[in-house]
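The values are calculated or read from the model by the stated rules, or taken from the named source; none is laboratory data. None of these values were measured; they are calculated from a predicted model. Positions of Cβ are backbone-derived with ideal geometry, glycine not excepted, and every protein chain shown enters the neighbour counts. Quick note on the areas: whole protein, heavy atoms, side chains included, nothing else; ligands and nucleic acids left out. Shrake-Rupley method; radii C 1.70, N 1.55, O 1.52, S 1.80 Å.
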Amino acid sequence: MEKTYWPNRWIFILAAIGSAAGLGNLWRFPYLAYENGGGAFVFAIIIANILIGIPLLMLEVGLGQKMQKGAADAFGAIKKHFRFIGWTAIVLAFIVISYYMAVVSYGVNYFAASFTLEWQPDANSFFFNDVLQISDGPLTMGGISWPVLAGLLLAWALVYFSAWKGVKSISAVVKWTATLPFVILFILIIRALTLDGAGDGIRLFLFPDWSSLADPNLWLAAFSQVFFSLSLAFGVMIAYGSLNRKSTEITKSALWIAGGNFLVSIMSGLVVFGTLGYMALQQGIPVAEAASGGPGLVFVVFPEAINLLPALNSVIAILFFGMILLLAIDSAFSLLEALAVSVRDRFKKTNPKKIAFIITFFGILAGLFYSTKGGLYYLDITDHFVVSYGLVIMGILEAIIIGWLWKGNQLVDFIKDHSEIHLEKLWLFSIRWFTPLFLGILLIWNIYNEFQQNYEGYPTEALIYIGLLPILLAPVVGYILDKLTTR
Ligand code: PFF
């Protein structure tokens, strides 16, 4: 099979923005900003982007582009023994896509419900009882929740048919999925900012409380947010970089990707907090009470806010949940493509559609676990461990391998030769020092927190089997995959 490339650099940039901008921008970012000093947090996000986000993005895109391989073989090209680290990233990508798709399934359910505003009158009960049919805790799995499974199958169909022809189909799809959200966000911003009370919400979101910059928690939150948001450490950006022609510009592209992703976050914040301000005014409560993070914000608080709108409720709901689907789908298929590229590197003669199909099949199988009545708990636990440990450890490893262990590191020159602006010195400094240092602190801090109290108060055995075990098994499975695919 002949290798195919992105049709041009802009499609690559759109696909990368599509991957980066997802659910993380819509609910995680605004809520974190609100909790961590508003505008001060936005400032910290910019710093975190500059210090480690953009450098690691350049590293991943550059590595994929230089080696023309996905994560596994790109690391293998540096040193044979590093190849299983690439496979470990791929295993983590598989874990993430299997639960990320469950959240996309909630999105599918809400998009369908938007036409009749099915969550009226009680948005809370609709989410927990009708859609999730939630069990009483992670120790009760409670069988399949059919609406979630139905949404999951539909969501996987969308993801499969977007990624089944690799670059070719993805290039066609991202022209829409990575651009339309900007248009919809713009419409929703205008709606949100013209509501009474919007200013109070926006103030909470953006008003800088500079004193909170002294709080280490703010910085830790900012660094991990930037990391997850830029789709780093799971082989996605390596795979997307490998689909570039070798001559593609790198540094400016990375700046465009990080900038586009940041813009989606800010625009999302304006919509969410403008609307929360209105909601608070309508109900006579402080905005702080109306705001809650996590899935609750998107699937409970926002539907409630939509119920209160004076007009066009259903239209706004369709736009909002349609946008969630657009944002999430291209993040999801970027994970699929990360796996597919590494597999395609190994099985060059196999039809790409077949590879995508096999990944989809196993993805749905794994997704069944997150479609049970305990699914939301499982999703929460797995996400916590994968992001706090898997992602951070992978980032440290990438930085150490490229920055220190690669004798005669050729990536610096490669980036220099393929960039129109030159930040290589800063880049190398960040990869060698900032990245391992900041991520190391983040890691220690996370471990410390883990022992302070059980995450979200979940039972210890649930945390061990659903969170810790997958993380510990990831390198083992990565190692086995490496052996299985090497003759
Ligand atoms: N960046 C996506 C978001 O913010 O929602 C999520 C994501 C996609 C993370 C792909 C990691 C990844 F490899």
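Looking at this structure, is residue 71 more than 15 Å from the chain's Cα centre (by Cα), aliphatic (A, V, I, L, M) and within 12 Å of the ligand (Cβ to nearest atom)?
Judged against the criteria, residue 71 is a match.
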### Query
Taking residue 431 and the conditions (1) modelled with pLDDT under 95; (2) within 23 Å of the chain's Cα centre (by Cα), which numbered condition does it fall short on, given that it satisfies the others?
(1)
### the range 348-369, residues that are among the aromatic types (Phe, Trp, Tyr) and closer than 21 Å to residue 88 by Cβ
362, 369
### Selection within the range 22-68 - within 16 Å of the ligand (Cβ to nearest atom) and outside any helix (DSSP H, G or I)
22
### Message
Whether any residue in the range 228-235 is closer than 30 Å to residue 399 by Cβ, assigned to a helix (DSSP H, G or I), within 16 Å of the ligand (Cβ to nearest atom) and hydroxyl-bearing (Ser, Thr, Tyr) is what I want to check.
### Response
yes
### Message
Condition first: assigned to a helix (DSSP H, G or I), among the hydrophobic types (A, V, I, L, M, F, W, C) and modelled with pLDDT under 95. Can you find one or more residues in the range 463-470 that meet it?
### Response
no
### Task
Report yes if some residue within the range 253-276 is closer than 30 Å to residue 67 by Cβ, more than 16 Å from the ligand (Cβ to nearest atom) and buried (at least 23 other Cβ atoms within 10 Å of the Cβ); otherwise report no.
yes
### Message
Against the conditions (1) surrounded by fewer than 18 Cβ atoms within 10 Å (Cβ to Cβ); (2) under 28 Å from residue 193 (Cα atoms); (3) away from the ligand (no atom under 16 Å from the Cβ), where does residue 354 fall short? Just the number, please.
### Response
(2)
### Pair list, Cβ under 8 Å, 6 or more apart: the range 221-245 residue closer than 18 Å to residue 443 by Cβ and polar (S, T, N, Q), other residue near the ligand (Cβ under 9 Å from one of its atoms) and assigned to a helix (DSSP H, G or I)
224/387; 224/391; 225/24; 225/28; 225/29
### Message
Looking only at the range 24-42, how many residues end up being among the aliphatic types (A, V, I, L, M) and either more than 21 Å from the chain's Cα centre (by Cα) or open to solvent by 10 Å² or more (accessible area, probe 1.4 Å) (or both)?
### Response
3
### Message
Which pairs turn up if I take residues in the range 317-336 that are of a type in the set (D, E, K, R) and look for partners that are within 9 Å of the ligand (Cβ to nearest atom) with beta carbon separation below 9 Å, at least 6 apart in sequence or on another chain?
### Response
330/19; 330/21; 330/22
### Message
Looking only at the range 200-251, count every residue that is within 30 Å of residue 64 (Cβ to Cβ) and among the basic types (Lys, Arg) and tell me the total.
### Response
2
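Residues are listed down the side, and each one gets a yes or a no for (1) of a type in the set (Lys, Arg); (2) buried (at least 16 other Cβ atoms within 10 Å of the Cβ); (3) not in a helix (DSSP H, G or I):
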| residue | (1), (2), (3) |
| --- | --- |
| 152 | no, yes, no |
| 171 | no, yes, no |
| 185 | no, yes, no |
| 195 | no, yes, yes |
| 203 | yes, no, no |
| 217 | no, no, no |
### Task
Inspect all residues belonging to the range 335-344 and state whether any of them is farther than 30 Å from residue 306 by Cα and open to solvent by 20 Å² or more (accessible area, probe 1.4 Å).
yes
### Task
Kindly list, by first and then second residue, each pair from a residue in the range 407-420 that is closer than 11 Å to residue 250 by Cβ to a residue that is open to solvent by 30 Å² or more (accessible area, probe 1.4 Å) and not in a loop (DSSP other than H, G, I, E, B), limited to pairs with Cβ atoms under 6 Å and residues at least 6 apart or on different chains.
414/66; 420/252
### Message
Regarding the range 286-294, can at least one residue be identified that is in a loop (DSSP other than H, G, I, E, B), within 25 Å of residue 335 (Cβ to Cβ) and in contact (Cβ under 8 Å) with a residue 12 or more places away in the chain?
### Response
yes
### Query
Somewhere in the range 2-21, is a residue part of a helix (DSSP H, G or I), of a type in the set (A, V, I, L, M, F, W, C), within 16 Å of the ligand (Cβ to nearest atom) and open to solvent by 10 Å² or more (accessible area, probe 1.4 Å)?
yes
### Task
Consider residue 445 carefully, then state whether it is in contact (Cβ under 8 Å) with a residue 60 or more places away in the chain, in contact with a helix residue (DSSP H, G or I) (Cβ under 8 Å, 6 or more places away or on another chain) and open to solvent by 60 Å² or more (accessible area, probe 1.4 Å).
yes
### Message
Any residue at all in the range 75-88 that's in contact with a helix residue (DSSP H, G or I) (Cβ under 7 Å, 6 or more places away or on another chain), under 24 Å from residue 360 (Cβ atoms) and of a type in the set (Phe, Trp, Tyr)?
### Response
yes
#### Entry: Within the range 307-334, tally of residues that are more than 16 Å from the ligand (Cβ to nearest atom) and surrounded by fewer than 24 Cβ atoms within 10 Å (Cβ to Cβ)
13
### Summary
Taking the range 115-147 and the residues there that are hydrophobic (A, V, I, L, M, F, W, C) and touching a Phe, Trp or Tyr at 6+ places or on another chain (Cβ under 7 Å), the one that is surrounded by the fewest Cβ atoms within 10 Å (Cβ to Cβ) would be 134
